[in-house]
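Beneath this line is the structure, given in structure tokens, with notes to follow.
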Amino acid sequence: MVSTKLGNSNENKKTARLGCGDGDYLPLVEYLQNQGKQVEVMAFGNTSSGRLREEADDFIDLGGEEKHKFLILERMDRKIFNPKFKK
């Protein structure tokens, strides 16, 4: 349903951004590109579909070297590595 809406809406937009690395979205990426749109995918590279990363016009790895731009690491580290941490 989301992909149907994305494919049919915003006809005047030149760029479509997808926040998911699931390979099931590959047909949507191809469809949008065939409609003349630039497709940007934002997802965690180590768990994303390799083919989706290749087919997208731009891929932003949320878990790559610049993950500090996308994740609140300090808070995450405390919760994950220190079970006694309380907010």
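By count of other Cβ within 10 Å, fewest leading, how are 25, 31 ordered? Let's see the in-between values first.
Values: 25 22, 31 15.
Least to most surrounded, the residues fall as 31, 25.
Measure off 7 Å from each Cα along the Cα-to-Cβ vector at residue 13 and residue 71, then give the distance between these two points in nanometres to one decimal.
The modelled label-to-label distance comes out at 2.6 nm.
The numbers here are math on the coordinates, done by the rules we state, and not lab data. The shown structure was predicted, so the numbers you read here are calculated from the model rather than taken from an experiment. Ideal geometry is used to build each Cβ from the backbone, glycine not excepted, and the neighbour counts take in all protein chains shown.
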